[in-house]
Each structure stands twice: as C-alpha cells, then as structure tokens.
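K.L.:
What follows is a single structure, and I will ask about it in a moment.
The values are calculated or read from the model by the stated rules, or taken from the named source; none is laboratory data. In this text the structure is predicted, and so the values were computed from the model without any measurement. A quick note on method: Cβ atoms are made from the backbone with ideal geometry, for glycine too, and the neighbour counts reach across all protein chains shown.
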C-alpha cells in the first residue's frame, strides 16, 4: 500500500476547528486567558486559532521543545501554581494548562483556584448539554453519580463506559455521543474528531 501524509495538517485542523465553534460568540465575549502549553505541540496550532477568535492570550511555555516530552509531577504543579498566580494578577477569565501532547487540559478559574479534574468534567458536561439538550454523554464508570443528575437536568442520557477511553474512541460516532469524559482531563468530541482533543475542550 501507499502511505499518504496530509499536507498543511495544522491549517486543515484550524479550519475544521473554526467551522465547529461559534466564532462570533467567542469574539463577542472578548476572553482573556492564560495558556501554559507545556512546551508541547498544541502551541503551534492553537495560537493561530485563538488569534482568529479574538481571544487575548498570555502564552506560557509556548516554545516546542523535544527535550521536554515528559514532565515531573513537581514541575507540573509548579507550572500550575504559576498559571494560578498570573490569572489572579491579570484578572483573566481562565487559566488552561495542557499536557505535553496537547490532549489533556487542566483548568484554573478566574480567581486563580485550580479546578479539580472531576469538577472540570462536570462543568464540561453541563456546558455541552446546556447548548445541546437531549444528547448523550459518555463517562467512565468511576465518575460520581452527580453526572446522572446533570444529564437528567437536560433530559439527556449518560452512557457509562469501562475504565478507559479506547471504547469511546472506537464507538463514539456510532453511539451518537456529544462528548466523552474520563475525569482526568481528557475529553472527546466525536462530531469534531473521535479522539482526545485538549484544544477543542478548551
């Protein structure tokens, strides 16, 4: 067989991203955010997208560095504390920290408080269903019963899945899932692409 590589993959991703979100509403909100890219690949892609959406961004660790493909927990926590302090100092709306692969996101609220991964998953569920009531959300079986409550508020269905995201990645489109969550910073939006995507989650 022949392996074909997609040319201009960053540009293609950005165009698809912008088609999938409400750009006018985002521009109107005039968001100010702090983003720690963890020296990962998300920096190359997301900066242009956020600029197109009129988001005021203070980037941290935005230079891609192949020597930093892994991060110690102590370094991760130190970076998170830095994001928290800068959010408070700037009066930013949100702080976002990516893992190196750009797949997982970790959030800081407008007061500089670190949002736990489970709470972030619950907030994502609420936001997604507020805009799309009646849809299905997939969540790991390890997540608390609060997720049933949230989906019930919106007349929606919660699909409990095994203790990994692989089944969701394989079956998400077939099952009509709006968003899949694992409570560890991973989110899948199958209608955009059936894989974990921190940039779309942000």
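Matching residues to (1) touching a helix residue (DSSP H, G or I) at 6+ places or on another chain (Cβ under 8 Å); (2) surrounded by 14 or more Cβ atoms within 10 Å (Cβ to Cβ); (3) on the phi > 0 side of the Ramachandran plot; (4) not in a strand (DSSP E or B):
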residue: 13; (1), (2), (3), (4): yes, yes, no, yes
residue: 16; (1), (2), (3), (4): no, no, no, yes
residue: 24; (1), (2), (3), (4): no, no, no, yes
residue: 34; (1), (2), (3), (4): yes, yes, no, no
residue: 49; (1), (2), (3), (4): yes, yes, no, yes
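K.L.:
Where the second residue is part of a helix (DSSP H, G or I) and the first is surrounded by fewer than 18 Cβ atoms within 10 Å (Cβ to Cβ) and lies in the range 129-152, which pairs have Cβ atoms under 8 Å and are six or more apart or on separate chains?
P.N.:
These pairs meet every condition: 144/118; 146/122.
K.L.:
Has the range 51-59 got any residue that is over 19 Å from the mean Cα position of the chain (by Cα) and at pLDDT 95 or above?
P.N.:
no
K.L.:
Quick one: which residue in 81, 66 is part of a helix (DSSP H, G or I) and surrounded by fewer than 17 Cβ atoms within 10 Å (Cβ to Cβ)? First the steps, then the outcome.
P.N.:
Numbers: 66 fails: part of a helix (DSSP H, G or I).
Checking each option against the conditions leaves just 81.
K.L.:
When residues of the range 100-138 are filtered for being closer than 22 Å to residue 194 by Cβ, assigned by TED's automatic domain parsing to the domain that holds residue 50 and in contact with a helix residue (DSSP H, G or I) (Cβ under 7 Å, 6 or more places away or on another chain), how many remain?
P.N.:
Within the range 100-138, residues that are closer than 22 Å to residue 194 by Cβ, assigned by TED's automatic domain parsing to the domain that holds residue 50 and in contact with a helix residue (DSSP H, G or I) (Cβ under 7 Å, 6 or more places away or on another chain) number 4.
K.L.:
Which condition number in (1) over 18 Å from residue 185 (Cβ atoms); (2) modelled with pLDDT under 95 is the one that residue 139 fails?
P.N.:
(1)
K.L.:
Right, here's the next one. Need the failing condition index for residue 158 against (1) part of a loop (DSSP other than H, G, I, E, B); (2) more than 30 Å from residue 39 (Cα to Cα), just the number.
P.N.:
All conditions pass for residue 158, except number (1).
K.L.:
Of all the residues that make up the range 102-143, how many are part of a loop (DSSP other than H, G, I, E, B) and more than 12 Å from the chain's Cα centre (by Cα)?
P.N.:
Of the residues in the range 102-143, 13 are part of a loop (DSSP other than H, G, I, E, B) and more than 12 Å from the chain's Cα centre (by Cα).
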